Structures are given as structure tokens and as C-alpha cells.
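Derivation of every value follows stated rules applied to the coordinates shown; laboratory data play no part. All figures in this text were calculated on a predicted structure; none of them were measured in a lab. Note that we place each Cβ from the backbone using ideal geometry, even for glycine, and neighbour counts take in every protein chain shown.
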Amino acid sequence: MEITIDIGYEQLLAAIRKLPAAKIEQLKSVLNDEFIEQKASNDLSDFQDFLLKAPIMSKEQYEKHKSDRKNFNSWRME
């Protein structure tokens, strides 16, 4: 069984502040730095998601790009 509750950050903070000290310590131990870093690394920003879904250049396309770039650079210098 799963329950989803939609509350704001301020409401959550107020609820945590009402907890007894022992429960706050327990919550802190569960939400340690390792957990937070793992959670943050799993949440990709829209830009990161965009970059990961972008097309990838093949080795042949990259070699052609380098060659074209070299040709353009020599053409500009003349």
C-alpha cells in the first residue's frame, strides 16, 4: 500500500519541528549525506536530460568535421 501526500516545504518543515528530539535524530540518520547525494544524482535537470538524449556523432562524422574545420580555418586565413 502506498500513500502520496502533497504538502509544501514549509508545512513539512513545521511538521518536522513538532517532532520529539529522538524522532528528529532518527530522521537525520535516515537522511544522511550519502542518501541525499544519491537522490540528487538520480534527479536529472531538464538540461541534463536534454544532453543525454542528444544525438551522438560517429567516429567517421567526427573525422569529417575535423577535416572540414581545418579546411574552413585555412580558407579564412587566406
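Figures for the structure shown
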| item | result |
| --- | --- |
| Förster radius 35 Å - calculated FRET efficiency between M1 and Q48 (Cβ-Cβ, nearest 0.05) | 0.60 |
| Among L19, H65, L52 - extreme Cα towards positive end, dipole of segment 9-77, charges at beta-carbon | H65 |
| Volume of the Cα convex hull of the chain, divided per residue and given in Å³ | 227 Å³ |
| Efficiency of FRET between H65 and D33 - r from beta-carbon atoms, R0 30 angstrom, step 0.05 | 0.10 |
| Crossing angle, helix 21-30 versus the chain [Cα axis fit, 0-90 degrees, rounded to tens] | 30 degrees |
| Estimated vicinal HN-Hα couplings, Hz - segment 2-14 in sequence order (Karplus 6.51, -1.76, 1.60; Gly, Pro = x) | 10, 10, 10, 10, 9, 10, x, 4, 4, 5, 5, 4, 5 |
| Folded to 0 to 90 degrees: helix 59-77 orientation relative to the chain principal axis, Cα | 60 degrees |
| Full-stretch length increase - I24, F72 - with 0.36 nm per residue and alpha-carbon distance subtracted | 10.9 nm |
| Principal-axis tilt of helix 33-42 within the chain, Cα atoms, nearest 10 degrees | 50 degrees |
